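Working notes for the structure below.
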Amino acid sequence: MAKIKKTAEQWREQLDEHTYRITREAATERPFTGQYYDFSEEGTYHCVCCGAALFLSNSKYDAGCGWPSFTQPLAEQAVEEHLDTSHFMVRTEVVCQQCDAHLGHVFTDGPGENGLRYCINSASLDFVAKEGADGED
Ligand SMILES: [Zn+2]
């Protein structure tokens, strides 16, 4: 998959300030403030920057941490993981494979078989409801 590369200025034009700070500067939204932490509709979560499909609602669960949490990405190659040693912590950062948008972090206290918890900023995601759900058409 070809990478999407844009300059900081191009991203700033496309994104609002809040979204820019999170996706391009790896800021973290305050817990319990995002659009999707308490949200359980069926559908697909896409990268807010490039539109790549990243997570499915059926791997989303309520971790009680105030951010949308997933047990796994939609596909292994949808995201990339990097060691993040900022803020005096050792964490694994999760970014969009296609455009390197900062999404959140992955932790090893998840409930699923793989034991992973993808803790993702709502601001990095764009939810697309499953077709036919909610009685459309
Ligand atoms: Zn992306």
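The values are calculated or read from the model by the stated rules, or taken from the named source; none is laboratory data. Predicted, not measured: the structure shown is a model, and the values here were computed from it. Reconstructed Cβ throughout: ideal geometry from the backbone, glycine too, with neighbour counts over all protein chains shown. These area figures cover heavy atoms from the full protein model, side chains too; ligands, DNA and RNA do not enter into them. Shrake-Rupley method; radii C 1.70, N 1.55, O 1.52, S 1.80 Å.
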Study note, to complete from the structure: For the range 64-92, pairs from a residue that is within 19 Å of residue 29 (Cα to Cα) to a residue that is loosely packed, with under 14 Cβ neighbours inside 10 Å and of a type in the set (Val, Ile, Thr), with Cβ under 9 Å and 6 or more apart or across chains, are 66/33; 84/90; 91/85; 92/108
Exercise for review: Might you let me know whether the range 3-24 holds any residue that is over 16 Å from residue 125 (Cα atoms), at pLDDT below 95 and aliphatic (A, V, I, L, M)?
Suggested key: no
Exercise for review: Would you point out which residue out of 43, 51 is small (Gly, Ala, Ser) and open to solvent by less than 30 Å² (accessible area, probe 1.4 Å)?
Suggested key: 43
Practice item. Considering only the range 74-131, state which residues are outside any loop (DSSP other than H, G, I, E, B), of a type in the set (Ser, Thr, Tyr) and either over 13 Å from residue 49 (Cβ atoms) or open to solvent by 60 Å² or more (accessible area, probe 1.4 Å) (or both). Key: 86, 92, 118, 122
Review point. Among the candidates 50, 65, which residue alone is within 16 Å of the ligand (Cβ to nearest atom), in a loop (DSSP other than H, G, I, E, B) and either modelled with pLDDT of 95 or more or within 22 Å of residue 115 (Cβ to Cβ) (or both)?
Key: 50
Study note, to complete from the structure: residue 3 meets each of (1) within 15 Å of the ligand (Cβ to nearest atom); (2) surrounded by 11 or more Cβ atoms within 10 Å (Cβ to Cβ) with one exception, condition (2)
Revision key, fill the gap. Across the range 85-128, the tally of residues that are within 15 Å of residue 45 (Cα to Cα) and away from the ligand (no atom under 16 Å from the Cβ) stands at 1
Practice item. Have a look at 71, 44, 92 and point out the one that is touching a strand residue (DSSP E or B) at 6+ places or on another chain (Cβ under 9 Å) and within 26 Å of residue 16 (Cβ to Cβ). Key: 44
